[in-house]
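Below is one structure; the comments refer to it alone.
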Amino acid sequence: MNKPFLKIKVFSIAIIACMLVASCSDDDSNNSSPDITQEDVMKSLEVEKISNFIDNMSLDNIPMNRSNAEGISKNNDCIDFTVTQNGYTLTFSDCDFGNGETVSGSMNVIVTVTDTDVTSTITFDNLSYGGNQINGSKSSSYAFNTDMGSFAYSVISDLSITLADGTTASEQGTKTYTVNGIGTADGTYTVSGNWTVTLNADTYTLATNPTLEGTFSCEYITTGTLVMTKNALSASINYGDGTCDNKATVTYPDGTTEEIDL
């Protein structure tokens with residue numbers, strides 16, 4: 001006589017339990033803030049610092065042919081040069097390129113040179129920079145214009161990065177660099193493009209608007225704005241009016257602003 005009532009009671013408890021589980025799941029999903037915080041901005045810029053360092057190191061230290069690469073390794077005790085089937089490998093052992101951070105790990109390089117341009121594909125094998133582990137690849141295309149003393153190159157990134165604090169990150173997308181005034185004291189460069197940065201489970205879209213600009217005499221970007229978007233919310237990072245300093249102004253989705261150190 002009590003069995004039907006017992007079944008109903010058990011069924012009701014099951015429904016309540018399911019509702020509680022669903023509620024808990026919703027609460028868990030809401031733990032991920034939809035906003036863009038200072039930590040989001042700073043960690044995204046940390047990924048950019050690593051990516052830009054690799055771009056600069058590749059441009060400065062990856063020459064156009066094997067013989068030059070071998071010459072560089074002979075003049076640096078911390079770099080080992082190895083010929084591969086389609087290119088060469090440079091292996092770094094605690095190399096310091098002048099910024100106080102050491103580089104270890106390998107870069108596998110394939111370079112194709114024509115009369116007007118150079119294309120390269122560089123694959124990173126556990127490259128370590130400042131305690132950050134980098135894997136993945138960068139593909140570059142260089143176009144020369146010797147009459148105007150300038151050149152432009154595009155870099156397609158597909159990087160997987162483990163930051164020094166354990167955060168897993170990645171960067172995918174394209175940046176275009178234009179360099180002017182090669183060999184002069186007034187040399188300048190611009191950076192444009194759009195790409196995505198992932199930090200743990202969060203993905204951010206970054207785009208230059210307007211184009212970022214800098215000079216060879218300053219280690220920081222001096223003007224331009226980087227727009228960072230997450231879940232339809234946007235924050236902007238303004239690099240200033242051309243003054244050489246390590247400052248930028250961030251405007252968050254709610255309109256508040258703050259100055260940060262780069």
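The values are calculated or read from the model by the stated rules, or taken from the named source; none is laboratory data. As the structure is a prediction and not an experimental result, all values here were calculated from the model. Glycine gets a Cβ as well: all are built from the backbone with ideal geometry, and neighbour counts include every protein chain shown. The protein model used for the area step is the full one, side chains on, heavy atoms only, and it has no ligands, DNA or RNA in it. Shrake-Rupley method; radii C 1.70, N 1.55, O 1.52, S 1.80 Å.
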Per-residue counts of other Cβ atoms within 10 Å, averaged by peptide: what ranking do you get for 107-117, 218-228, highest first? 218-228, 107-117
Yeah, the stretch 111-262 with a ≥ b ≥ c from its alpha-carbon gyration tensor (a/c under 1.5 is rounded, else prolate when a/b outruns b/c, oblate otherwise) is oblate
At a 1.4 Å probe radius, carbon and sulfur cover how many percent of the accessible area of the stretch 70-203? 46
